[in-house]
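Enquirer: The structure that follows is given in the form of structure tokens.
The values are calculated or read from the model by the stated rules, or taken from the named source; none is laboratory data. The structure presented is a predicted model; accordingly, all values stated were derived computationally and were not measured. No Cβ is skipped: glycine too gets one built from the backbone with ideal geometry, and neighbour counts run over all protein chains shown.
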Amino acid sequence: MKANNQKWLYLGILSLVWGSSFILMKKALIGLTPIQVGALRILIAGIFLLAVGFKTIKQIQKRHWKFIVYTAVFGTFLPVFLFAYAVKGIDSSIVSILNSLTPFNTLLFGAVAFGFSFKRQQLLGIFIGLIGTVILILKGADLNPNQNYWYSILIVIASIGYALNVNMVKKYLHDISALSIVAGNFLLLMLPALIVLFFTDFFTAFEATKTNLHAIGYITILAVLGTGFAKVLYNKMVHIATPIFASSVTYLIPIVAVFWGYLDGEKLSFLQLTAAVIILYGVYLVNKKK
């Protein structure tokens with residue numbers, strides 16, 4: 001398959017997988033605390049990734065390890081906890097919408113800190129996408145006036161972390177495989193995640209109730225597919241596409257997430273559907289060649 005077709009296939013798969021991750025977090029939080037959800041997500045994903053990719057770690061050379069550490073912290077460790085706390089505070093569909101700030105931050109940090117160029121059309125596409133995002137946020141706040149939208153700040157911070165991650169992978173880790181990057185990330189993160197989980201009293205206080213076991217099931221699906229499989233696929237896409245294209249997956253994620261939220265009883269309006277169309281047009285402009 002040609003690289004241009006391949007990147008669009010990856011974009012579609014990641015949109016479905018990551019778009020479903022927010023409802024999985026929401027369900028897992030019924031039986032687990034946000035910090036337990038974050039720690040377990042890292043541990044389970046780490047076990048899966050090291051089982052399938054441990055041999056690829058030998059591709060990582062000494063000069064790569066500094067950036068493996070950075071991408072592990074900014075692209076995985078901090079976001080998984082920030083997202084878990086945000087989903088606890090506001091609707092999962094709104095959290096996914098706020099994540100659409102990632103392409104804007106990717107463009108901004110890519111140009112300022114990493115020397116990547118961009119076209120005026122890409123900037124226009126991102127701003128159009130952001131307009132759609134703002135409409136979705138404002139309408140969500142109108143439909144859910146009792147929710148604490150200060151949790152939105154957590155997603156802004158996470159989107160900056162994702163932006164730093166994708167630019168680092170593109171500039172400094174382009175010469176090693178996607179699986180080796182992610183395997184290296186989780187090799188570093190599993191011990192800190194285990195320590196965090198230990199201090200939540202998970203190992204002494206967890207009860208095997210139906211609710212809690214279902215929560216473990218949801219977080220396992222999220223960790224293996226939404227973190228393990230998806231992060232490998234994402235890094236593959238970064239290798240064959242621009243950072244802006246890769247980060248534009250966050251424009252499609254809300255469409256899937258809002259659908260799941262609607263099925264779970266979260267409110268959805270016609271204006272939000274209109275905003276989703278605006279977001280898709282923004283993605284088109286960001287990735288249009290001319």
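Enquirer: Anything in the stretch 145-177 that is more than 15 Å from Ser247 (Cβ to Cβ), more than 16 Å from the chain's Cα centre (by Cα) and buried (at least 17 other Cβ atoms within 10 Å of the Cβ)? List them, or say none.
Expert: Listed by number, the residues that qualify are Tyr151, Tyr172, Leu173, Ile176, Ser177.
Enquirer: Still on this structure, I have one more. Yes or no: Asp142 under 22 Å from Ala246 (Cβ atoms) and without any contact (Cβ under 8 Å) to a residue 40 or more places away in the chain? Full working, then the answer.
Expert: Numbers: under 22 Å from Ala246 (Cβ atoms): no; without any contact (Cβ under 8 Å) to a residue 40 or more places away in the chain: yes.
Considered against the rule, which asks whether it is under 22 Å from Ala246 (Cβ atoms) and without any contact (Cβ under 8 Å) to a residue 40 or more places away in the chain, Asp142 comes out as no.
Enquirer: Scanning the stretch 245-282 for residues that are surrounded by fewer than 24 Cβ atoms within 10 Å (Cβ to Cβ) and of a type in the set (Val, Ile, Thr), which turns out modelled with the highest pLDDT?
Expert: The qualifying residue modelled with the highest pLDDT is Val256.
Enquirer: Which of the residues belonging to the stretch 111-157 are more than 24 Å from Tyr281 (Cα to Cα), at pLDDT 75 or above and among the hydrophobic types (A, V, I, L, M, F, W, C)?
Expert: Trp150, Ile153, Leu154, Ile157
Enquirer: Return yes when Tyr218 is more than 27 Å from Gln121 (Cβ to Cβ), among the aromatic types (Phe, Trp, Tyr) and buried (at least 20 other Cβ atoms within 10 Å of the Cβ) and no when it is not. Lay out the reasoning, then the answer.
Expert: Details: more than 27 Å from Gln121 (Cβ to Cβ): yes; among the aromatic types (Phe, Trp, Tyr): yes; buried (at least 20 other Cβ atoms within 10 Å of the Cβ): yes.
When the stated conditions are applied, Tyr218 passes them.
Enquirer: Among the candidates Val249, Val258, Val277, single out the residue that is in contact with an Asp or Glu (Cβ under 9 Å, 6 or more places away or on another chain), among the aliphatic types (A, V, I, L, M) and closer than 24 Å to Ala141 by Cα.
Expert: Val258
Enquirer: Those residues that are aromatic (Phe, Trp, Tyr) and free of Cβ contacts under 8 Å to residues at least 24 places away in the same chain, I need them from the stretch 7-32; list them, please.
Expert: Passing the criteria: only Trp8.
Enquirer: Check the stretch 166-188 and report whether any residue there is under 30 Å from Leu49 (Cβ atoms), without any contact (Cβ under 8 Å) to a residue 60 or more places away in the chain and part of a loop (DSSP other than H, G, I, E, B).
Expert: For the stretch 166-188, residues under 30 Å from Leu49 (Cβ atoms), without any contact (Cβ under 8 Å) to a residue 60 or more places away in the chain and part of a loop (DSSP other than H, G, I, E, B): present.
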